Amino acid sequence: MKMIIRQDHSTEKGFTLMELLIVIVIIGILAVAVLAALNPLEQIRRATDSGKKANSRELLDSIDRYTASQGALPVDVNTLVDNTPTSLATGTTLADILSALETAMEIKSGALSGADFTAHYITKHDDDSVCISFMPESDKFQTDADASGLQADCETTCVEDADDLTDCHTCVPE
């Protein structure tokens, strides 16, 4: 018996140009869908708001420790008008508070030196408690702020206009 070996070129391995283009288009569509779901700009804003909240918490905890050990609020905080939010960016408010906290060793020297408090407000209440607030940048933090419904003083309810709540801040403590 004689065996005939036939070479059939139709069984060659590889992909056609059309198959490759279809795969590339499908990968492109999936990549766009993933980017749309992750929304990198929102992730950056959320990280920024998380940093603002952590810095606010650290500053407020330091003020609380100072108050417990010294029996009074830091000097500059005592000059704040009750229930009136004061921007930490104005004048020397933040510098004076940090200086008093560092002098009393309630916060490490330079611990918050890189923190950006330009959009933060500090409010002293009638009972000498203090809150720190900021206007959130991310949708997640804004939704949470709208749910709490508080303005910069952490007591007054947000104003509701025709479309949505306005003036809602993230407050620390919550």
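The values are calculated or read from the model by the stated rules, or taken from the named source; none is laboratory data. Here the structure is a predicted model, which is why all the values come from computation and not from measurement. Neighbour counts are summed over all protein chains in view; Cβ atoms, including those assigned to glycine, are modelled from backbone coordinates with ideal geometry.
Of all residues in the range 58-100, count the ones that are farther than 13 Å from VAL130 by Cα, of a type in the set (Val, Ile, Thr) and assigned to a loop (DSSP other than H, G, I, E, B).
Residues flagged as farther than 13 Å from VAL130 by Cα, of a type in the set (Val, Ile, Thr) and assigned to a loop (DSSP other than H, G, I, E, B) within the range 58-100 amount to 2.
Return the residue satisfying two criteria in turn: it lies in the range 72-101 and is among the small types (Gly, Ala, Ser) and within 16 Å of GLY114 (Cα to Cα), and of such residues it is surrounded by the most Cβ atoms within 10 Å (Cβ to Cβ).
The residue in question is SER99.
Look through ALA152, ALA115, ALA111 and report the one residue that is surrounded by 15 or more Cβ atoms within 10 Å (Cβ to Cβ), in contact with a Gly (Cβ under 9 Å, 6 or more places away or on another chain) and assigned to a loop (DSSP other than H, G, I, E, B).
The unique qualifying residue is ALA115.
Would you check if SER50 is at pLDDT 90 or above, surrounded by 11 or more Cβ atoms within 10 Å (Cβ to Cβ), under 20 Å from the mean Cα position of the chain (by Cα) and under 18 Å from HIS169 (Cα atoms)?
It is true that SER50 is at pLDDT 90 or above, surrounded by 11 or more Cβ atoms within 10 Å (Cβ to Cβ), under 20 Å from the mean Cα position of the chain (by Cα) and under 18 Å from HIS169 (Cα atoms).
Any chance you could count how many residues in the range 118-135 are closer than 14 Å to PRO74 by Cα and either surrounded by 18 or more Cβ atoms within 10 Å (Cβ to Cβ) or among the basic types (Lys, Arg) (or both)?
Of the residues in that region, 5 qualify.
What single numbered condition from (1) of a type in the set (Gly, Ala, Ser); (2) at pLDDT 90 or above; (3) surrounded by 13 or more Cβ atoms within 10 Å (Cβ to Cβ) fails to hold for SER69?
The single condition SER69 does not satisfy is (3).
Go through the residues of the range 138-152 one by one and say whether even a single one is acidic (Asp, Glu) and modelled with pLDDT of 90 or more.
yes
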